[in-house]
Amino acid sequence: METRLDEILRHNEHFVQNGDYEQFRTDRFPDKKMAILTCMDTRLIDLLPRAMNLKNGDAKIIRNAGAIVYQPFGNIMRSLMVSVYELGAEEIFVVGHHDCGMTGLDPERIFNRMKEKGIDPAVFDTLKHSGIDLPRWLTGFDSVREGVKRSVSLIRNHPLLPSGLPVHGLIIDPVTGKLEVVTEGYGHA
């Protein structure tokens, strides 16, 4: 029986042999000089770039669950800083979406699912006693709008990003692609 990995590798071999990659050739610098933080939701993979008039190579797109920035010195902020300082991004867009799975996310439900998949409950105690706040780490937001505002605020006020860097907050409809501006970033110092 063919596994998912086998299927991917078989497809990839044909993709490379046929030169299908040629249509995607670009360099590592975003042509439109923008970085986007958005959700990993599967509905946004093709929809978001098309709704924002982007083609391959136009923007750095960073995805995580909910387009959330919680840690000012975590992976998301590092990626945004590399986008700005090394890759030439001049604007940042935080794009949340309606019907997001992070809305009202219940950490206890996730903990229970972890236990069902074999994670020893003692691990949770060990992490708690090590100073790791798992419930906060696994908490989403009550409203997409508030989640976008919070992430935009953290990025705008980060001490290692240049003053005046435009950081915009938007919400996309995951069905129609309609964009709604939550906060625009021009003029914020």
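The values are calculated or read from the model by the stated rules, or taken from the named source; none is laboratory data. This one's a predicted model, so the numbers in the text were calculated from it and none came from an experiment. Virtual Cβ from ideal backbone geometry, glycine too; neighbours counted across all protein chains shown. Surface accessibility is based on the protein's heavy atoms, side chains included, excluding ligands, DNA and RNA. Shrake-Rupley method; radii C 1.70, N 1.55, O 1.52, S 1.80 Å.
Ellipticity at 222 nm from helices only: DSSP H runs of n ≥ 4 in the chain, each -39500 (n - 2.57), divided by the residue count, give -10500 deg cm²/dmol. Centroid-to-centroid, using Cα positions, region 46-109 and region 144-165 are 12 Å apart. Of the listed residues Thr126, Thr103, the order by accessible area with a 1.4 Å probe, largest first, is Thr126, Thr103. The residues of the chain expose, per residue, 63 Å² of accessible area to a 1.4 Å probe. In region 111-184, one over the average inverse separation of all distinct C-alpha pairs is 15.6 Å, which is the Kirkwood hydrodynamic radius. When you filter the GluC sites (Glu not before Pro) in region 1-97 for DSSP loop state and at most 11 other Cβ atoms inside 10 Å of their Cβ, you are left with Glu2, Glu86. Inter-label distance, Arg50 to Asp173: 1.5 nm, where each label sits 7 Å from its Cα along the C-beta direction. Surface composition of the chain: carbon and sulfur make up 53 percent of the accessible area, probe 1.4 Å. The mean of 1/r over all distinct Cα pairs in the chain, once inverted, gives the Kirkwood hydrodynamic radius of 18.6 Å. Using the Cβ-Cβ distance between Lys128 and Thr183 with R0 = 45 Å, the FRET efficiency computed as 1/(1 + (r/R0)^6) comes to roughly 0.80.
Quote the FRET efficiency, to the nearest 0.05, computed for Asn12 versus Asn157 with a Förster distance R0 of 30 Å and r equal to the Cβ-Cβ distance.
0.10
Shape summary of region 5-96, radius of gyration then Dmax from alpha carbon positions: 15.1, 43 Å.
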